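**Student:** Below: one structure in structure tokens.
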Amino acid sequence: MGRFMKESKWATLMVIGVLFVLLLSACGGNEDEANGSENSNDGNENVAAENANNENENENENANEPANDGETYTLSVVLSLDEDNPQMLSFPIFTEIVEAESDGRIQIDYVGGPEAIPPFTQGEAVQNGTVDMGWVAGSYYADVVPEVLGLSFSQLEYEEEVERGSIEYISRFHEEKMNTKAIGRAGKGNFALHVGKDIEVNSTADFEGLDIRGTANYVPVIEAVGANAIALEAGEIYSSLERGLIDGYAWTNYALPELGAQEITGSQIMPYFNEADQMILANLDVWNDLPEDLQEIITNAAIDAYLESRDMVEEILAEERIEMEEAGVQYVELEDADRFEELVEENSWAWLAERVDNIEEMEEYFKQ
């Protein structure tokens, strides 16, 4: 009996010991879980803090980037001449640059040339928003903005005009008088006088009394040599000269085959004079609605497209001269070429001075 009691007492103590160990283990486990929870919470807080820092960094980076509303702008464009006319060389170059540099945010929609909107009304079409942009001859709307002819009478290279701010200066008058933005020159070229096959001209005196087709930018020169200026659109030159309604025409010194000129022209008279007046215009309301970064892309594209197309003009001149001479057209240098050049400069600026109020200011932007 005593032995049994001793063994039972021992067994009881063993059970109590085991239970005590299990209890300690349980408590230790709960403490570890608590510590683990605390560590987990600390980790979550660290991740949240890191994410917040990243968001702040992204916001700061975005604040330094140009605003991009992600919207696509489609700009409708009309040309004063057919798209394949050499005077429109800058248009496809401009289109490619703008669409590429804007990552497709600007899309150019070519609506047509003179068959879509008559050239003499294209300035008005840009003004009233019928189209968003136009490659438009300044002389076709010079009755509204006579200051545009300063570009035609300019003595500067385009790089000098850009540096002086000449385009921005001219744009002021477009904005005030015509609700348009003057963006830049559309193409390079000089002017020349041309006469029919039965007309002989060797000096300035030989122009006396002739009827010469010419718009506003040509009028001072035509009148200076004693001829009569007849206003006609480009598409009317061929038929008018063929029917004897005019004796000659003023035109750029290239892009002649597109007129069919080799069939009706007797001579191209030199020296060449003044500058081509094709302008890139935008409706002012449309322009103001564009984000500033897209305005900058368009402005720079106009400059780059002009300079790139300018380099092609000399090649075109050489190629066309071969074609024209083969058709019997003569290239005549005036005997009094120096006198002709003096008349061009004197009369161009004197004629413009009668039509604008700020001729001295204009000369600062366009004279040497």
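The values are calculated or read from the model by the stated rules, or taken from the named source; none is laboratory data. As the structure is a computational prediction, the values presented were derived from the model and not from experiment. Here Cβ is always computed from backbone atoms with ideal geometry, including for glycine, and neighbour counts include all displayed protein chains. In case anyone asks, the SASA skips ligands and DNA or RNA and just uses the protein heavy atoms, side chains included. Shrake-Rupley method; radii C 1.70, N 1.55, O 1.52, S 1.80 Å.
**Student:** Quick one: putting +1 on the C-beta of Lys and Arg, -1 on the C-beta of Asp and Glu, what dipole do you get for the stretch 193-321 around its Cα centre, in Debye to the nearest 20?
**Tutor:** It comes to approximately 540 debye.
**Student:** What span do the alpha-carbon atoms of the stretch 108-246 cover on each of the three principal axes, reported in whole Å from largest to smallest?
**Tutor:** Largest first, the stretch 108-246 extends 44, 35, 23 Å along its Cα principal axes.
**Student:** Go through the stretch 113-129 residue by residue and turn each phi into a ³J(HN,Hα) via Karplus (6.51, -1.76, 1.60, θ = phi - 60°); whole Hz please, and just put x for glycine and proline.
**Tutor:** Values per residue, Gly and Pro as x: x, x, 6, 7, 9, x, x, 5, 10, 5, x, 5, 5, 6, 4, 8, x Hz.
**Student:** Separate question: Quickly work out the Glu263-to-Asn288 label distance, labels modelled 7 Å from Cα along the C-beta direction, and quote it in nm with one decimal.
**Tutor:** 4.8
**Student:** Could you tally the net charge around Leu256, taking each other residue with its Cβ under 10 Å from the Cβ of Leu256, Lys/Arg +1 and Asp/Glu -1?
**Tutor:** Residues close to Leu256 contribute a combined charge of -2.
**Student:** Let me ask you something else. Non-local amide H neighbours of Ser267 (under 5 Å, H modeled in plane, Pro and chain starts lacking H): which ones?
**Tutor:** Residues meeting the amide H criterion: Val195, Gln330.
**Student:** With a sphere of radius 14 Å drawn around the Cβ of Thr74, what net charge do the other residues whose Cβ falls strictly inside it have (Lys, Arg +1; Asp, Glu -1)?
**Tutor:** -4
**Student:** Okay, moving on. Calculate the spin-label point distance for Glu157 paired with Glu315, positioning each point 7 Å from the Cα along the beta-carbon direction, and give it in nanometres.
**Tutor:** 2.0
**Student:** From the residues Ala261, Leu307, Phe340, which one has its Cα farthest along the dipole of the stretch 250-345 in the positive direction, the dipole being from +1 and -1 charges on Cβ of Lys/Arg and Asp/Glu about the Cα centre?
**Tutor:** Positive-end residue among those listed: Ala261.
**Student:** Over the stretch 84-148, average the accessible area per residue using a 1.4 Å probe and give it in Å², no decimals.
**Tutor:** For the stretch 84-148, the per-residue accessible area is 38 Å².
**Student:** Of the heavy-atom accessible surface of the stretch 83-200 (probe 1.4 angstrom), what whole percent is carbon and sulfur?
**Tutor:** 45
**Student:** Answer rounded, prolate or oblate for the stretch 70-167, using the Cα gyration tensor with square roots of eigenvalues a ≥ b ≥ c: rounded when a/c is under 1.5, else prolate when a/b is larger than b/c, else oblate.
**Tutor:** Because a/c hits 1.5 or more and a/b fails to exceed b/c, the stretch 70-167 counts as oblate.
**Student:** Per 10 Å bin from zero, what fraction in whole % of the C-alpha pairs of the stretch 184-316 is there, up to the bin with the longest pair?
**Tutor:** Calculated over all Cα pairs of the stretch 184-316, the distribution is 11, 37, 26, 17, 8, 1 percent.
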